[in-house]
1. Return yes or no: is A:ALA121 at the interface with chain B (Cβ under 8 Å from one of its Cβ atoms) and either in contact with a Ser or Thr (Cβ under 9 Å, 6 or more places away or on another chain) or in a helix (DSSP H, G or I) (or both)?
2. So which of A:LYS155, A:LYS179 is at pLDDT 95 or above and either among the charged types (D, E, K, R) or crowded, with 22+ Cβ neighbours inside 10 Å (or both)?
3. Restricted to segment A:82-100, and to residues that are of a type outside the set (S, T, N, Q) and at the interface with another protein chain (Cβ under 10 Å from one of its Cβ atoms), which residue is farthest from A:LEU165 (Cα to Cα)?
4. With β-branched (Val, Ile, Thr), within 30 Å of A:MET85 (Cβ to Cβ) and within 16 Å of the chain's Cα centre (by Cα) as the only criterion, which of B:ILE84, B:ILE110, B:ILE103, B:ILE114 stands out?
5. Filter segment B:7-36 for residues that are touching an Asp or Glu at 6+ places or on another chain (Cβ under 7 Å) and under 23 Å from B:ASN153 (Cβ atoms) and give the result.
6. Could you tell me whether A:LEU17 is closer than 25 Å to A:ILE170 by Cα and more than 9 Å from every other protein chain (Cβ to nearest Cβ)?
7. Give me the residue from segment B:133-166 that is assigned to a loop (DSSP other than H, G, I, E, B) and among the hydrophobic types (A, V, I, L, M, F, W, C) and, out of that set, farthest from the other protein chains (Cβ to nearest Cβ).
8. List, please: which pairs have Cβ atoms under 7 Å, are six or more places apart or on different chains, and start with a residue in segment A:81-95 that is among the aliphatic types (A, V, I, L, M) and end with one that is at pLDDT 85 or above and part of a helix (DSSP H, G or I)?
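The values are calculated or read from the model by the stated rules, or taken from the named source; none is laboratory data. This structure is a prediction, so every number in the text was calculated from the model and none was measured. Here Cβ is always computed from backbone atoms with ideal geometry, including for glycine, and neighbour counts include all displayed protein chains.
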Amino acid sequence: MSDKIILIDTNILFNILNRFRNRESLSKYELSKIIKTDKLFKNNVGRIKIPDVVINEFYANFFNTMNILGSRKKFLKENDYRVWMNLQYSAWSQIVAFVMTNKVGSVKFDSFKFYGYNLFALATSITEYEIPKKLIDELSTISAKDDYANVKSGKLFDGMDSIILSYIFIYSLENSGKKVEFVTGDNYFKLGGNYFIKNKLPVMKNFKYPTNLKIRGL
Amino acid sequence: MDMKIIIDSSILGDVFFNKKSKKLDYFFKNNRNNIILPDFILSELHSNIFHKKIDFDNYNQWFKLRWSAYEKLLFFLSINNVEIIYMDLNSEMLKIFNIANAISSMDKKISLFIKENEGKLKYNYFKNASVFKFFNYTSSIMFSYVILYSLSNPDSEVVFLVRHHILKKLENYFIENKIKMVGLDNFIWPDNLKVKLLSDF
């Protein structure tokens, strides 16, 4: 198992984006994430891949949620949108350039074989499963500073997370000859996902967890 | 031509959080045997119910309460003969993220949509929001799922029931104008799909 594939989470794409923001406007925490992201890409040229499901989550956040500037009563005009979208595109192009320079590949869902597993049914089962007390205790001990959003909103695998988790499970099963690492900036996702893998929680009948997958933080 | 109605997770959220109106009750009763619940929408609903606003300090009690409300929802769906369907992993269905990515990156078409609807897109559509949302969160995947379902069931009239006026308008705009999908040369829009609101029934 010499080859290693590194898949990245959506928050890593946002870290890349922050590289191009004015450094003075960034907090120390954000700066440290940028440095760690740079290091990840520098040390793993040719190994990193972005899943299409992650691209989708990024697009949904970045191109489809438009902050309304100025007056709250302002109507949305076509011109406002064009200007805003051009700004978003120019920021996105910086990510694309960064990704290409670091020889990052992509993973396509339509190349999956699945072995009879249904991605969405697996995601449904994961989110339906009662979280074990031990995991709840572990999640509660994570520094509130690091995962403020999770603590405040009480989230674990919300939104796309359960789909992303199922996606990387199935991807790892299909690449069982290789070591797969999923890198995320979300400590709750890391802790929760690894707990499911390590304890082989019986979320779905006959589901076999991959043995070659590790979820790690930056 | 029989009719299949796919309900958005926000509609189910109303049932779960006990916000359902008489109109919604009437809708479910009136459309018995026609309503389907795809696995993707169920998975979105689950993450909203069981993985948001978790009370980590009293998780057991919190989970039991949610679970009992969820069972009520399942009971409501079952007495109204709502069928849960699982994704058929044929080659067409596997394009789901390709289509979703094409939809969520389609700036020129959204721009045209805004141009045609300027003035109608008043801020009061989003009374308490500070953002305009298009295909955010899982909307593009949900829409792709519905498109693919309609293509695989050409003999049925498929209705996607959504909660937000803007989403109905935007999705119908895409369908009616048969918007060209960037990067998907062979993509064909279904002729049997309509997006509706509860008030349209």
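1. yes
2. On inspection, the qualifying residue turns out to be A:LYS179.
3. The initial filter retains those residues of segment A:82-100 that are of a type outside the set (S, T, N, Q), namely A:82-85, A:87, A:89, A:91-92, A:95-100.
Among the residues that remain, those that are also at the interface with another protein chain (Cβ under 10 Å from one of its Cβ atoms) are: A:82, A:84-85, A:89, A:92.
Details: A:ARG82: 35, A:TRP84: 32, A:MET85: 30, A:TYR89: 28, A:TRP92: 25 Å.
In this case the residue turns out to be A:ARG82.
4. The match here is B:ILE103.
5. Passing the criteria: B:SER9, B:ILE36.
6. no
7. Applying the first criterion (assigned to a loop (DSSP other than H, G, I, E, B)) to segment B:133-166 yields B:134-138, B:153-155, B:162-164.
Now narrow it down to the ones that are among the hydrophobic types (A, V, I, L, M, F, W, C): B:134-135, B:162.
Numbers: B:PHE134: 4, B:PHE135: 5, B:VAL162: 15 Å.
Top of the filtered list is B:VAL162.
8. A:ALA91/A:LEU17; A:ILE95/A:LEU13; A:ILE95/A:ILE16; A:ILE95/A:LEU17
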